[in-house]
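Remarks on the structure that follows.
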Amino acid sequence: MQVTEFLTLLLLLAGAGFFLAGTVGLLRFPDVYTRLHAITKADNVGLGLVVAGLLLQAESLAAMGKLLLIWLLVLLASASVAHVVARTALRKGIRPWKR
Amino acid sequence: MDILYSGMALFLLLTLVAGLWRVLRGPTPADRMLAAQLFGTTAVASLLLLAQAAGRPYLRDVALVFALLAAVTAVAFVRRAWTVWEDDDAGD
């Protein structure tokens, strides 16, 4: 196995771990704010690691650019969505969870 | 390597199925929308993996469309379906 393939394997497995953590957080966390925290990790880091792993295997520069563009789009989307949802939830009077 | 890509795409689909439980339970519409948001990202990741596994580069364009729509759907949801109407006069 080549070095790049090994790196891809590592990055993809790490990404899968983040997706799993995001889903577990979505299922287990107590309120909308903590769930936002969980899913933005999967969005940003999980997809970022998967994209980084696939970048090493991309066949052309154009394919690499497209992968990076997809990741940047998702970053932008998840950041703005987290902000907008949290602000609306706060305005609607949903109290942040306290132990 | 192809088996790794396909296996990971399958794993991501399984986490997606687990996430459906949150869509069922709620309790607020925002929780359901957050689950849908996570599904969007998971779909993007598994499409990218499938594009690599099957050697079908056009699946990356599908992933690009998913990434674009994810932003639009969630913002449209908050602005149209879940907004606080009585606060509209106060401005943003």
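If you take the square roots of the eigenvalues of the alpha-carbon gyration tensor of chain A and sort them as a ≥ b ≥ c, do you get rounded (a/c under 1.5), prolate (a/b over b/c) or oblate?
Numbers: a/c = 5.91, a/b = 1.98, b/c = 2.98.
Verdict is oblate for chain A.
Tell me what chain A gives for mean residue ellipticity at 222 nm when only DSSP H runs of n ≥ 4 count, each as -39,500 (n - 2.57), the sum divided by the residue total, rounded to 500 deg cm²/dmol.
-26000 deg cm²/dmol
Name the shape class, rounded, prolate or oblate, that the alpha-carbon gyration tensor gives for the protein assembly as shown, where a ≥ b ≥ c are the square roots of its eigenvalues, rounded holds for a/c under 1.5, and otherwise prolate holds if a/b is larger than b/c and oblate otherwise.
Taking the square roots of the gyration eigenvalues as a ≥ b ≥ c, the protein assembly as shown is prolate.
Relative contact order, percent, of chain B when contacts are C-alpha pairs under 8 Å separated by at least 6 residues?
29 percent
Determine ³J(HN,Hα), in whole Hz, for all residues of the stretch A:51-66 in sequence, where each value follows from phi through the Karplus function 6.51 cos²θ - 1.76 cosθ + 1.60 and θ = phi - 60°; x replaces Gly and Pro.
Calculated HN-Hα couplings, in order: 5, 4, x, 6, 4, 5, 9, 5, 8, 8, 5, 5, 5, 4, x, 5 Hz.
Build a GNM of chain A with springs between Cα atoms under 10 Å: which of A:Gly15, A:Gly65, A:Gly46 gets the top mean-square fluctuation?
Fluctuation is largest for A:Gly65.
At a 10 Å Cβ-Cβ cut-off, how would you order A:Lys66, A:Lys98, fewest neighbours first?
With the sparsest Cβ surroundings first, the list reads A:Lys98, A:Lys66.
Once both axes come from the Cα atoms, what is the angle between helix A:3-28 and the longest principal axis of chain A, in degrees from 0 to 90, rounded to 10?
10 degrees
Post the alpha-carbon centroid distance, the stretch B:16-36 to the stretch A:65-99, in whole angstrom.
When both Cα centres are located, 15 Å separates them.
Can you compute the helix-only [θ] at 222 nm over chain B? Use -39500 (n - 2.57) per DSSP H run of at least 4 residues, normalise by all residues, nearest 500 deg cm²/dmol.
Rounded to the nearest 500, it is -26500 deg cm²/dmol.
If contacts are Cα pairs under 8 angstrom and at least 6 residues apart, what is the relative contact order of chain A in percent?
32 percent
Assuming 1.567 mPa s and 4 °C, estimate D for chain B with Stokes-Einstein, Rh taken as the Kirkwood radius over Cα pairs, in µm²/s.
The Stokes-Einstein estimate is 88 µm²/s.
Which listed residue (B:Ala43, A:Ile39, B:Val65) has the Cα farthest towards the positive end of the charge dipole for the protein assembly as shown, taking +1 on Lys and Arg C-beta and -1 on Asp and Glu C-beta about the Cα centre?
It is A:Ile39, whose Cα lies furthest towards the positive end.
Bear in mind these aren't lab numbers, they're just calculated from the coordinates by the rules spelled out. For clarity, every value in this text was computed on a predicted model and none was experimentally measured. Quick reminder, even Gly has a Cβ in these numbers, built from the backbone with ideal geometry, and neighbours come from all protein chains shown.
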